[in-house]
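Chemist: Please find one structure pasted underneath; my questions will follow.
The values are calculated or read from the model by the stated rules, or taken from the named source; none is laboratory data. In this text the structure is predicted, and so the values were computed from the model without any measurement. Cβ: placed from backbone, ideal geometry, glycine included. Neighbour counts: every protein chain shown. Remember, those area values only see protein heavy atoms, side chains included, never the ligands or the DNA or RNA. Shrake-Rupley method; radii C 1.70, N 1.55, O 1.52, S 1.80 Å.
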Amino acid sequence: MPRIQIELPSTFIYKTEITVRVSDLNYGGHVGNDTMLTLLQEARINFYRSLGFRDETSFEGTVGQIIADAAVQYKAESFLGDVLVIEIGVLELSRFGFDMVYKVTNKLTTKNIAFAKTGMVCFDYATHKVAAIPQVLLEKLKSQ
């Protein structure tokens, strides 16, 4: 069975650190797959806040974004107290969205923990329809 391969960008435009909490662990004693998506969302929110946005639901008026798809390629386990460095890059900008790519590493060991991609689509929460990327977001993404 072929495995998912995440293509990393040549440069990352944002980096944040998140410490693994006890609530992030699954019954195997390591970060669970569901939690990894939550950690990526937290990194994404931190990124948008660094750009001056409140969160990912309001870039301009009622236009925010939704996730169209997500893929994670796990490389190693992560445990309680690990400090994860999450780097974010943007690929495949189009009229309505883009791919956000993540590289997750352990700060202490520098071991790769996961590579991930989320397909981001801009969405008007008032009309519940896909929307064009707001110019303010596009400009900020391109200036990073």
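Chemist: Let me have the 222 nm mean residue ellipticity of the chain computed from DSSP H runs of 4+ only, each contributing -39500 (n - 2.57), with the sum over all residues rounded to the nearest 500.
Modeler: For the chain, the value works out to -6000 deg cm²/dmol.
Chemist: What does the charge dipole of the chain about its Cα centre add up to, to the nearest 20 debye, if the Cβ of each Lys and Arg holds +1 and the Cβ of each Asp and Glu holds -1?
Modeler: 220
Chemist: Separate question: Using R₀ = 30 Å, calculate the FRET efficiency as 1/(1 + (r/R₀)^6) where r is the Cβ-Cβ separation of GLU7 and GLN135; round to 0.05.
Modeler: Rounded to the nearest 0.05, the efficiency is 0.65.
Chemist: From Cα pairs below 8 angstrom and at least 6 apart in sequence, can you work out the relative contact order of the range 1-106, rounded to a whole percent?
Modeler: 39
Chemist: Considering only LEU37, ALA132, ALA114, whose Cα is most displaced toward the positive end of the charge dipole of the chain, charges sitting on Cβ of Lys, Arg (+1) and Asp, Glu (-1)?
Modeler: It is ALA114, whose Cα lies furthest towards the positive end.
Chemist: In addition: Most mobile of LEU84, LEU39, LEU93 per a Gaussian network model of the chain (Cα springs, under 10 Å)?
Modeler: LEU93
Chemist: Under a GNM of the chain (C-alpha, springs under 10 Å), which listed residue has the highest mean-square fluctuation: THR19, THR11, THR118?
Modeler: Residue with maximal mean-square fluctuation among THR19, THR11, THR118: THR11.
Chemist: I've got another one for you. Under the rule that an exposed site lies in a DSSP loop and has at most 16 other Cβ atoms within 10 Å, name the longest stretch of the chain with no trypsin sites (Lys or Arg not before Pro) of that kind, not counting the sites themselves.
Modeler: Formally, the longest exposed-site-free interval is 112-144.
Chemist: Chymotrypsin sites (Phe, Trp or Tyr not before Pro) within the range 1-86: which are DSSP loop residues with at most 10 other Cβ atoms inside 10 Å?
Modeler: Here the chymotrypsin sites (Phe, Trp or Tyr not before Pro) that fit, given the DSSP loop and packing criteria, are TYR27.
Chemist: Could you state the accessible area per residue of the chain in Å², with a 1.4 Å probe and every protein chain left in place?
Modeler: Counting only protein heavy atoms, the per-residue value for the chain is 55 Å².
Chemist: Continuing with the same structure: Can you compute the modelled spin-label distance between THR57 and THR127, with each label point 7 Å from Cα toward Cβ, in nm?
Modeler: Taking the simple label geometry, THR57 and THR127 are separated by 2.0 nm.
Chemist: Share of the chain's accessible area from carbon and sulfur, percent, 1.4 Å?
Modeler: Its accessible area is 52 percent carbon and sulfur atoms.
Chemist: Turning to a different aspect of this structure: Can you list which of the GluC sites (Glu not before Pro) found in the range 1-99 are DSSP loop residues with at most 14 other C-beta atoms within 10 Å?
Modeler: Hits after loop and neighbour filter: GLU7, GLU77, GLU92.
Chemist: Rounded to the nearest 0.05, what FRET efficiency do ALA76 and SER50 have when you use their Cβ-Cβ distance and R0 = 30 Å?
Modeler: Step by step, r from the Cβ atoms, then E = 0.65.
Chemist: Treating the Cα atoms of the range 1-131 as identical point scatterers in vacuum, please give the log10 of the normalised Debye intensity I(q)/I(0) at q = 0.09, 0.11 Å⁻¹, two decimals.
Modeler: Each listed q corresponds, in turn, to -0.27, -0.40.
Chemist: Ok, one more. Tell me, what is the 1.4 Å probe accessible area of THR105, in Å² to the nearest 10?
Modeler: In the full protein context, THR105 sits at about 20 Å².
Chemist: Taking the Cα-to-Cβ direction at THR109 and at ARG95 and moving 7 Å from each Cα, how far apart do the two end points lie in nm?
Modeler: 4.7
Chemist: Still on this structure: Once the principal axes of the Cα atoms of the range 1-40 are found, what is the range along each, listed largest first in whole angstroms?
Modeler: Sorted largest first, the three principal extents are 34, 33, 12 Å.
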